[in-house]
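Here the structure comes first, spelled out in structure tokens, and everything after it is commentary.
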Amino acid sequence: MKNILIVDDSKTITKRLEILIKSKLGYNPVIAHSKKECTEKLLKYKSKFAIALLDIGLPDAPNGEVIDLVTKFKIPSVVLTASTNLEDSFRNKDIVDYVIKDGDFVFSYIISLIKRIVANHNLKVLVVDDSKTFCGKIVDLLRRYRIDCFVANNGIEALDIIKKNKGIKLAFIDYYMPQMDGLELLREIRKEYPKDEFSTIIISGSSDRRTPAKFLKCGANDFLFKDFTEEEFYARLNSNLEVLELFEITKEKANKDYLTGLFNRRYLFEIGTEVYNRAKIKNNKLAVAIIDIDDFKKINDTYGHDIGDIAIKEVSRILKKTVNEDTITSRLGGEEFCLILKNRNKEEIEKLLNLIRLEFENNKIKISKKEKISYTVSIGYTVKFSENLESMLKFADEGLYKAKESGKNKVVYFED
């Protein structure tokens, strides 16, 4: 569980933040009302805090001394202040943001900020600029947010880094660079990645106010002039990351089955057809398997549809445990599921599917304090390419039919 350090002499504020952090995020809020208590908490928790919320006007630290104390431990820190005129001496400290305590909306902003900084631990961002000094400045700002940074000094280097590191979701790109400038790089990125998958923020020292429009028309997500303030930098960064997340959530809802979290039938045919075509062109191995719960109607009739839903969710759990990330796992509908497995020979597929079958055979679901139920699955599969993905699914379905017909709880291969 993530620990969140809250240092404020107002018990009303700390209590409210404590309740919100527990209820909204499920994290562990650690409270201190003075610099002395803060020091004790840092020692007790060995400085293992995901983020710190720091009041700069404490009884024993009235001039923001607690900021210096906490930032020594490289903990991302957010300043809590009642003043609308935060002095530059505080702004220049190693903090990621500051919040003015002047209304209820502040609390929701703090919760969103905590979520953002915690999520950033898995985020990769590319900085592209031929100025090493300016790159260093942006990297320093990003690392305060616990973001993993990659640096390139021109567009060609940037494209190579993007190709080798698929997890990069956002890039800060300078306009004027040798070999390939920012505009050329942006055009190359947009050939491969749409705006909702890869965000680009252009940075320029140009005084020409027409420059932003030039980039935005070519697919940039945002624009920053190089005289930006830290506040503007973080505001733009957060805005772009939130939009990316929103697109990702929307896509997930469209592509995932609501009950199991597996891919749905529509997405299976969309992505599966691409995988099929690629494998056939490259002459790579491909297998399609269909898994069906045996006597599922009996489970629903005997125990009710709520237990039936639990049985379906259990399929998802077992499949996620037994297949690798490269396997496309989907719910076709009802109690029927599909696997598309890449680059494995028939013997490996047979072994894996029998392992899955045995997992179900030996598994029990607790439905009450006294009762557990178990069920088996039948599986049909094929490795024959045939005409298209639909044909492979038909072959796998024929194998499933034969597995059911010959006694259930079996894995049956079908080719033609």
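Tabulated values for the structure
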| quantity | calculated |
| --- | --- |
| Qualifying positions in the range 250-263 - in a loop (DSSP other than H, G, I, E, B), touching a strand residue (DSSP E or B) at 6+ places or on another chain (Cβ under 6 Å) and over 14 Å from ILE291 (Cα atoms) | ASP257, THR260 |
| Those residues of the range 104-146 which are surrounded by 20 or more Cβ atoms within 10 Å (Cβ to Cβ), of a type in the set (Val, Ile, Thr) and closer than 25 Å to LEU54 by Cα, in sequence order | ILE110, ILE114, ILE117, ILE138 |
| Filtered residues of the range 208-249 (kept if at negative phi, outside any helix (DSSP H, G or I) and of a type outside the set (A, V, I, L, M, F, W, C)) | ASP208, ARG209, ARG210, ASN221, ASP222, LYS226, ASP227, THR229 |
| Filter result for ILE156 (in contact (Cβ under 8 Å) with a residue 12 or more places away in the chain, assigned by TED's automatic domain parsing to the domain that holds ASN221 and surrounded by 19 or more Cβ atoms within 10 Å (Cβ to Cβ)) | no |
| Qualifying position, being out of contact with any Phe, Trp or Tyr (no Cβ under 9 Å at 6 or more places or on another chain), small (Gly, Ala, Ser), over 27 Å from GLU405 (Cβ atoms) and in contact (Cβ under 8 Å) with a residue 12 or more places away in the chain, among GLY304, GLY261, GLY333 | GLY261 |
| Candidates TYR98, TYR109 - the one that is assigned to a strand (DSSP E or B), among the hydroxyl-bearing types (Ser, Thr, Tyr) and not assigned by TED's automatic domain parsing to the domain that holds LEU237 | TYR98 |
| Within the range 375-395, tally of residues that are closer than 17 Å to THR322 by Cβ and either not in a strand (DSSP E or B) or not assigned by TED's automatic domain parsing to the domain that holds ASN324 (or both) | 2 |
| Selection from the range 1-40 of residues that are of a type in the set (S, T, N, Q) and free of Cβ contacts under 8 Å to residues at least 40 places away in the same chain | THR12, THR14, SER23, ASN28, SER34, THR39 |
| Count - residues of the range 357-389 that are buried (at least 16 other Cβ atoms within 10 Å of the Cβ) and free of Cβ contacts under 8 Å to residues at least 12 places away in the same chain | 1 |
| Some residue of the range 265-276 being buried (at least 17 other Cβ atoms within 10 Å of the Cβ) and of a type in the set (S, T, N, Q) | no |
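The values are calculated or read from the model by the stated rules, or taken from the named source; none is laboratory data. Everything numeric in this text was worked out from a predicted model, so none of it was measured. Positions of Cβ are backbone-derived with ideal geometry, glycine not excepted, and every protein chain shown enters the neighbour counts.
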